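Working notes for the structure below.
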Amino acid sequence: MNTTNEDRIKVLELKRDNINAISPSFCSAKWLQTTLYLQNGFNHSCHHPSAHKIPVEEVLADPSALHNSKYKKQQRAKMLNGERPSECDYCWKIEDLNKDYFSDRHYKTADWWAWDRVDEIAKSSPADNVFPSYLEVSFSNACNFACAYCSPDISSTWMKDIEENGNYPVEMGSGDLNYLKDIGKFPYSRKEQNPYMDAWFKWMPEVLPHLKVFRVTGGEPTMSKDVWRTFDYIIENPQPQMQLAINTNLGTDSKLIDKLIRYINKLQDKVEKIDVYTSVESTGTQAEYARDGLDYDYWYHNVKRILAETESLVAIMTTINILSLPTFTDFIEDIMKLRVEFNKGLENNRIPISVNYLRWPPHLQSTMLDGDVREEMSIDILKTCEKWLKYYSPDKFARLYLEEWDQVKRFCDYLVSEQTQYKWRKDFVKFIQAYDMRRDKNFNETFPIYKNLLREWNV
């Protein structure tokens, strides 16, 4: 086992003690990280809590309210007082499973972009405006994919499905456009004046010099003109202190992939570094079923193109769900093949993996499966990952890193310990039946391991 990795874990343990000494619910993400959805004016501090609406009047008065909303300041006050905001239950569940587990609260606060500002935050007033260190911005819901666990506010292709076919016949995650309008989440159209986009371009020159990480998300960012406008600004106004990250499905047409590669290479010298993030968690036809619009071989080819034609890494974000479980281990094997080909050393991992589990929509959660099935799958996942944890070759730098192993273990612990969610099974059947019809798919043929689910759960 690599001692450098062991040392990294020891450092993280010490930082966790310091974090909890400030407050047992303290998380610097509430101050230093934000994700903005400019298409509808929503905001959250990391990807786990539900996003909240930023009142238009707040950004009209002060563009920095894109980050420093009144609601977020209230959550900061709770954390400094040792209260657990309910919206952060993803981390509370992990910590309550096992006190030795690292939750994302610990990972984020201890991360390089946040750690040097922890003392400053701990001494500040929750009412203070602060510049984030880590900023994610979704510019548009334009997207050529319509993943099964996505929604119209994030994917224009999903919206087209709902406009043409109506809501899915499920309790949650139906794609209800009227509901999105009622809660203010319906995206602005390209023809409408968008006050949140206006606020972004006013705030952008102020906030960029303070950022350590700027991450562009979607929708599919390469399909948004405002993304390229922002990139052009950075090319003209270099930010050498800032790392730039781009989320992309790597499934757009070859012209956009070519344009992305050109821009990555143009931006390379304008920022500290530039990385690409992409989301897949299974292989072949099963991956294509779950992420409608995906061509797995084309995606894999484009991952290789980014690694071969740029200096960027390609980070893999997985969101494990009932549809990805059967081939998740195959996916791990595919990623390790990339590491064999492109990693140049054990400390130069160009294809990192983050392991998360899906919570929404509930009818696609992995915990709907019977406990014995989940336990069997968990054992298979742990065996596969442990093999790569122990793998070592002086010239083939492919292995699972301890941080990744920790995430795998906590997911498997969650997988076997959570009670079976029987109540969502009927919605699963209803969703899959409608999904197959609308998307011209066949669940039973694609997932032979689940061949009896639709019949058994349709009760």
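Laboratory data are not the source of any read-out in this text; all were calculated from the coordinates shown. Since the model is a prediction, treat every value here as computed from it, not as a measurement. Don't worry about glycine lacking a Cβ; one is built from the backbone with ideal geometry, like all the others, and counts go over all protein chains shown.
Assorted remarks:
- For the pair HIS301 and GLU236, label points projected 7 Å from Cα toward Cβ lie 3.6 nm apart.
- Label-point gap, in nm, between VAL373 and GLU418 - each point 7 angstrom along Cα→Cβ: 1.5
- Sorted ascending by nearby beta carbons within 10 Å, beginning with the fewest, LYS259, LYS270 become LYS259, LYS270.
- Computed extension gain for GLU171 through LYS266, at 0.36 nm per residue and net of the alpha carbon distance, reaches 29.6 nm.
- Exposure proxy shown here: for SER45, SER174, the number of other Cβ atoms within 10 Å sets the order, fewest to most, as SER174, SER45.
- For the range 279-290, backbone phi angles converted through the Karplus equation (6.51, -1.76, 1.60; θ = phi - 60°) give residue-by-residue couplings of 10, 8, 9, 8, 10, x, 5, 6, 5, 5, 5, 5 Hz, Gly and Pro being listed as x.
- Backbone HN-Hα couplings from phi across the range 206-214 [Karplus 6.51/-1.76/1.60, Hz, Gly and Pro as x]: 6, 7, 4, x, 8, 7, 9, 9, 10
- Partnerless cysteines in the chain, where a partner means another cysteine C-beta under 4.7 angstrom, comprise CYS27, CYS46, CYS88, CYS91, CYS143, CYS385, CYS412.
- Beyond 28 Å in Cα-Cα separation lie the following of the pairs LYS304/LYS390; LYS212/LYS255; LYS53/LYS160; LYS93/LYS344; LYS72/LYS181: LYS212/LYS255; LYS93/LYS344.
- Along the chain, the longest continuous region that contains none of the chymotrypsin sites (Phe, Trp or Tyr not before Pro) in a DSSP loop with at most 13 other C-beta atoms within 10 Å is 113-391.
- Interchain or long-range residues, amide H under 5 Å from GLU136's placed H: THR34, THR35, LEU36, ARG215
- Proximal aspartates and glutamates relative to LYS383, as straight alpha-carbon distance under 13 Å, when same-chain residues fewer than 8 apart are discounted: ASP330, GLU333, GLU375
- Cα-only radius of gyration and Dmax that characterise the chain, units Å: 21.6, 61
- Computed from backbone phi with θ = phi - 60° and the Karplus coefficients 6.51, -1.76 and 1.60, the 3J(HN,Hα) list for the range 53-58 is 6, 8, x, 4, 4, 5 Hz; x is used for glycine and proline.
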